[in-house]
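Right, I'll just put the structure down here and ask away after.
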Amino acid sequence: MNFQNQGNFTMGSQLFAHKLRMFGQGSTNVFTIGLGLLILWIICGLYQKVFLSSLYYFAIERYVQLKLAIGEHFYDIDQIGIKFYSLRFKKWIHLNAQDFLHEFYTGKHGFKIQ
């Protein structure tokens, strides 16, 4: 095969290349659909045991833990606060970070997460 006819493939090689492309595209589709179904299954499994409000407070609790871990090097622990939207009172609340942790672990949301 010389330089002028490098683009000319035989019919068998074209079919083989097409099968490889279709296999790659099919594998990508199976992976994408499988990943989507897995995420949906995890969300449904969590939702049966844990309500979204508990996940909301759990995310805030993780933020408070991070804020306390970093902030204790710069401030007194009693000065570290957090402002969040309370689902119980339906308004924004400012609490001491340690008070929030105590309320989280003694309240109903912390019990469901653990």
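If you rank His102, His73, His18 by fewest surrounding Cβ atoms within 10 Å, what's the result?
Result, fewest neighbours first: His73, His18, His102.
Using the 10 angstrom Cβ neighbour count as an exposure proxy, how do Asp76, Asp99 rank, fewest first? Could the numbers behind the result be given before it?
Working: Asp76 8, Asp99 13.
With the fewest neighbours first, Asp76, Asp99 line up as Asp76, Asp99.
Every number here is computed from the coordinates shown, using simple stated rules; none is lab data. Owing to the predicted nature of the structure, the values given are computational and were not obtained by experimental measurement. When we count neighbours, we look across all protein chains shown, and the Cβ atoms used for this are built from the backbone with ideal geometry, even at glycine.
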